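Participant: The structure follows.
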Amino acid sequence: MKSPLLSLPGAVPAEGVDEGVAAHYGDLFREQRALADGTGFVDLSHRGVVTVSGEDRLSWLHLLLTQHVSELPPGQATEALILSAHGHIEHALYLVDDGATVWAHVEPGTQEALVAYLESMKFFYRVEVADRTGDIAVVHLPAGSIAEAPDGAVVRETAYGRDLFLPREALEDFAAGHGPAAGLLAYEALRVEHHRPRLGFETDHRTIPHELGWIGTAVHLQKGCYRGQETVARVQNLGKPPRRLVFLHLDGSEVHLPAPGTDIRLADEGPDGRRIGFVTTSVRHHELGPVALALVKRNVPADARLLAGDTAAAQEVVVEP
């Protein structure tokens, strides 16, 4: 779904899963600095939007999600996962309840599968599930922004900023009153800085929540009764995950960033050494320079020097070994 804000001056379209919104508007670092300073906004209108209404919505979602939501207060933001029977991550939902409806935004293109799964689990519960992607758009106001949300907008407020659920036809008017616009590359750079995982970027078909630090933020350990809960409890109580998320400071003398999927090896073993992980997201940050998130084997020493492809990398621990 192509955003009308791609008509703004300097807009360069994003590619891949983020197609439909702007990657940047001509000045990546200026856009990053604006977001870091609490000004501007990010067009996230390519993301899926799913709603759940009905008087049983919270108690029903509580049975399906990894998060404790049965008593979720109106206006309180949270995030949650849906796992496979084996505990692998299938969906990530960014939620808020407005007192009558739960609003969630999800990764682009995942909303249809999510709605199909939710519909299959309704049984006798008094809930209504809807894909609202066609008429509702998400925009992001950064932390520290003093901009006012439009009347009637559903607001999801977190430590990283506010996500607004707006009618799609209101996007252009919103942009006119809340600029400057920042592209998705700026948003992603700050996401990487804050070590925040993203479904489909930091995850693959076998990722479990412990590997990415999603325990606590998206997985509540004092609740059960959801698909995959046995794996979560077993790893939490009896062992450690096979991989762990790390933050990489990359050699700034390299012209190109290592692409997602680039092999990571121990620097002491050289570029032909054994593969111990892979890059998940790499960005150029306005202060930190080239940085990345990566998944490595759990037993990789926390002080080990690494190679991301041919690029030297120093790691910061995100998930403890």
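The values are calculated or read from the model by the stated rules, or taken from the named source; none is laboratory data. Note that the coordinates shown come from a computational prediction; the quantities given were computed from them, not determined experimentally. Neighbour counts are summed over all protein chains in view; Cβ atoms, including those assigned to glycine, are modelled from backbone coordinates with ideal geometry. Heads up: the accessible areas ignore ligands, DNA and RNA and are worked out on the full protein's heavy atoms, side chains in. Shrake-Rupley method; radii C 1.70, N 1.55, O 1.52, S 1.80 Å.
Participant: Between residue 68 and residue 268, what is 0.36 nm times their sequence separation minus the Cα-Cα distance? Round to one decimal in nm.
Facilitator: Values: separation 200, 0.36 × 200 = 72.00 nm, distance 4.44 nm.
The span from residue 68 to residue 268 would gain 67.6 nm if fully extended.
Participant: Carbon and sulfur together cover what percent of the accessible area of region 63-176 at a 1.4 Å probe radius? Kindly include the intermediate steps, with their values, before the conclusion.
Facilitator: On the way: 2600 of 5000 Å².
Whole-percent figure for carbon plus sulfur exposure: 52.
Participant: Related question: Need one number: nm distance between label points at residue 251 and residue 221, each 7 Å from Cα along Cα→Cβ, rounded to one decimal.
Facilitator: So the two model labels end up 3.9 nm from each other.
Participant: Below 20 Å, Cα to Cα, which lysines can residue 2 reach? Residues fewer than 8 away in the same chain don't count.
Facilitator: Partners found: none.
Participant: Got a sec to turn the phi values of region 71-86 into Karplus ³J(HN,Hα) couplings, 6.51 cos²θ - 1.76 cosθ + 1.60 with θ = phi - 60°, whole Hz, x for Gly and Pro?
Facilitator: 3J(HN,Hα) across region 71-86, in whole Hz: 10, 4, x, x, x, 8, 6, 8, 9, 8, 10, 10, 10, 6, 4, 9.
Participant: So how far apart, in nm, are the two label points at residue 204 and residue 121 if each is 7 Å from Cα heading toward Cβ?
Facilitator: In this crude label model, residue 204 to residue 121 measures out at 2.6 nm.
Participant: Something else about it: Note down the net charge around residue 204, summing +1 for each Lys or Arg and -1 for each Asp or Glu among other residues with Cβ under 13 Å from its Cβ.
Facilitator: Details: positive: 198, 206, 243; negative: 90, 202, 211.
Summing Lys and Arg as +1 and Asp and Glu as -1 gives 0.
Participant: Moving on to the next point. Between the DSSP loop rule and a limit of at most 12 other Cβ atoms within 10 Å, which chymotrypsin sites (Phe, Trp or Tyr not before Pro) in region 93-132 are left?
Facilitator: Those that pass, being in a loop and sparsely packed, are 123, 124.
Participant: How big is the charge dipole of the chain about its Cα centre, in debye rounded to the nearest 20, if each Lys and Arg gets +1 on its Cβ and each Asp and Glu gets -1 on its Cβ?
Facilitator: On the way: 28 positive and 44 negative charges, 207 e Å.
It works out to roughly 1000 debye.
Participant: Further, regarding this structure: Net charge within 10 Å of residue 314 by Cβ-Cβ distance, Lys/Arg positive one each and Asp/Glu negative one each, not counting residue 314 itself? Could the numbers behind the result be given before it?
Facilitator: On the way: positive: 305; negative: 251, 303, 316.
Here the charged neighbours net out to -2.
Participant: Next up: In region 248-321, what GluC sites (Glu not before Pro) fall in a loop by DSSP, with at most 15 other Cβ atoms inside 10 Å? Please report the intermediate quantities before stating the final value.
Facilitator: Values: sites: 254, 269, 287, 316; in loops: 254, 287.
Filter output for region 248-321: 254, 287.
Participant: Residue by residue through region 239-245, what is 3J(HN,Hα) from phi via Karplus (6.51 cos²θ - 1.76 cosθ + 1.60, θ = phi - 60°)? Round to whole Hz and write x for glycine and proline.
Facilitator: Going residue by residue, I get x, 9, x, x, 9, 8, 7 Hz, with x marking Gly and Pro.
Participant: Using a 1.4 angstrom probe, figure out how much accessible area region 177-226 has per residue, in square angstrom, rounded to the nearest whole.
Facilitator: The answer is 37 Å² per residue.
Participant: Let me ask something else. Compute the distance from the alpha-carbon center of region 208-242 to that of region 279-321, in whole Å.
Facilitator: Between the Cα centres of region 208-242 and region 279-321 lies a distance of 24 Å.
Participant: Based on DSSP H runs of at least 4 residues, each adding -39500 (n - 2.57), what is the mean residue ellipticity at 222 nm of the chain after dividing by all its residues, to the nearest 500 deg cm²/dmol? Mind showing how you got there, number by number?
Facilitator: Details: 6 runs with 55 residues, N = 321.
Roughly -5000 deg cm²/dmol at 222 nm, from the helical runs in the chain.
Participant: Can you give me the Cα centroid spacing of region 33-49 and region 74-141 in angstrom?
Facilitator: If you average the Cα positions of each part, the centres end up 20 Å apart.
Participant: Also: Given the Cα-Cα distance of residue 236 and residue 304 and 0.36 nm per residue of separation, how much length would full extension add, in nm? Could the numbers behind the result be given before it?
Facilitator: Values: separation 68, 0.36 × 68 = 24.48 nm, distance 2.53 nm.
So the extension gain works out to 21.9 nm.
Participant: Using Cα pairs closer than 8 Å and at least 6 residues apart in sequence, work out the relative contact order for the chain, in percent.
Facilitator: Numbers: 720 pairs, mean separation 59.8, N = 321.
Rounded, it is 19 percent for the chain.
Participant: In addition: Provide the net charge surrounding residue 19, with neighbours chosen by a C-beta distance below 15 Å and charges set as Lys +1, Arg +1, Asp -1, Glu -1. Mind dumping the intermediate values first?
Facilitator: On the way: positive: 2, 47; negative: 15, 18, 43, 107, 188.
Surrounding charge for residue 19 is -3.
Participant: Another question, then. Among (1) 0.97; (2) 1.12; (3) 1.00, find the value of Rg/Rh (Cα atoms, Kirkwood Rh) that was calculated from the structure presented, and write down its label.
Facilitator: (1)
Participant: Any lysines with Cα under 25 Å of the residue 223 Cα? List them, leaving off those in the same chain fewer than 8 positions away.
Facilitator: Here the lysines satisfying the reach criterion relative to residue 223 are 122, 240.
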